[in-house]
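We did not get these values from a lab; they are worked out from the coordinates using the rules stated. Quick caveat, the model's predicted, so the values are computed rather than measured. We place every Cβ from the backbone using ideal geometry, glycine too, and count neighbours over all the protein chains shown.
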Amino acid sequence: QDVLHISVRAALREFPTDAMRAITSELSQMISKKVWTPVIVRQLTQDQRRSIIRSSMFITEKKDPTGVFLKLKARLVAGCDQQDKTLYNDISAATAATSTVFMVAAIAAREKRLITVVDITCAYLNAKMSNQVVVHMKLDKRLTTMLVDLDGSYSRYINKDGGCIVRLDRALYGCVESAALWADHIKGSLMSGGFIQNPHDICCYNKMYDNVQITVIIHVDDLLITCT
């Protein structure tokens, strides 16, 4: 179970070791998944500098159902409130209808199918940013310092205020088009694997394998999969 988000400063004060581990893990993931490319500010145009968005690191305290502390989880989020939504064609992303979930569950029960639920970790980061709009984001001094500790090459991108600017290459959580980009990515992945989109619910996919039907339902980054 999750409790309310706490600030980086509060997390480092209350859980110094766990908080540092969680933040470092999140930043390491940004590097390994090539979520962004650092840029030199003076090489950006005036319009690009004006459109730079902020970033925020949220720390979530995870507890078990009895309220016992388990761990801290950090997530870096882009400041979508600073993005101009009129620059994008379509940023909507559908989710499966409740009636679809019930129907698939009923079919699975009748046919005695196996059922599994899959939570795709950091799903959005699997999707590449579109070429519609180039998004530049600022990382503050604290996060930049941690980045330099992880990868010394970032030291040449530090600004006068101690922070740095990056160009987003992957659909970071918080960006206005990230949900739509992820939806297109998972759709493409399933269809390339032989799944067919259900005409009555575009978040439901079916595939026949040796005369056996496999069904997948998508709800953001959670998958419900049934098959005999």
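Just a few scattered comments:
- Listed residue (Ser25, Thr228, Gly188) projecting farthest to the positive dipole end of the chain, Cβ model: Ser25
- Dipole magnitude for the chain: about 620 debye, using +1 per Lys or Arg Cβ and -1 per Asp or Glu Cβ, origin at the Cα centre.
- For the range 218-228, the Karplus equation 6.51 cos²θ - 1.76 cosθ + 1.60, evaluated at θ = phi - 60°, returns couplings of 10, 10, 6, 10, 10, 10, 10, 10, 10, 5, 6 Hz by residue, with Gly and Pro reported as x.
- Options Ile107, Gln213, Gln197, ranked by Cα towards positive dipole end of the range 96-223, top entry (Cβ charges): Gln197
- If you plug the beta carbon distance of Asn131 and Val101 into 1/(1 + (r/R0)^6) with R0 = 35 Å, you get a FRET efficiency near 0.50.
- A helix-only calculation puts the chain at -9000 deg cm²/dmol for mean residue ellipticity at 222 nm, using -39500 (n - 2.57) for each DSSP H run of at least four residues, averaged over all residues.
- Think of each Lys and Arg Cβ as +1 and each Asp and Glu Cβ as -1; about the Cα centre, that makes the dipole of the range 119-182 roughly 240 debye.
- Between the range 1-71 and the range 151-228, the Cα center-to-center distance that results, in Å: 20
- Cross-link check: pairs Lys33/Lys187; Lys34/Lys138; Lys63/Lys141; Lys73/Lys112; Lys34/Lys85 evaluated at a Cα-Cα cut-off of 28 Å; pairs beyond the cut-off: Lys63/Lys141; Lys73/Lys112.
- A compact globular protein would have a Cα radius of gyration near 2.2 N^0.38 Å; the ratio found for the range 1-158 is 1.33.
- Approximating the spin labels as points 7 Å out from Cα along Cα→Cβ, the Lys33-to-Thr17 distance works out to 2.7 nm.
- Computed over the range 124-224, the range of Cα coordinates on each principal axis works out to 62, 26, 19 Å, biggest value leading.
- Across the range 81-86, computed HN-Hα scalar couplings (Karplus, 6.51 cos²θ - 1.76 cosθ + 1.60, θ = phi - 60°) run 5, 9, 8, 8, 5, 5 Hz from first to last residue, x flagging Gly and Pro.
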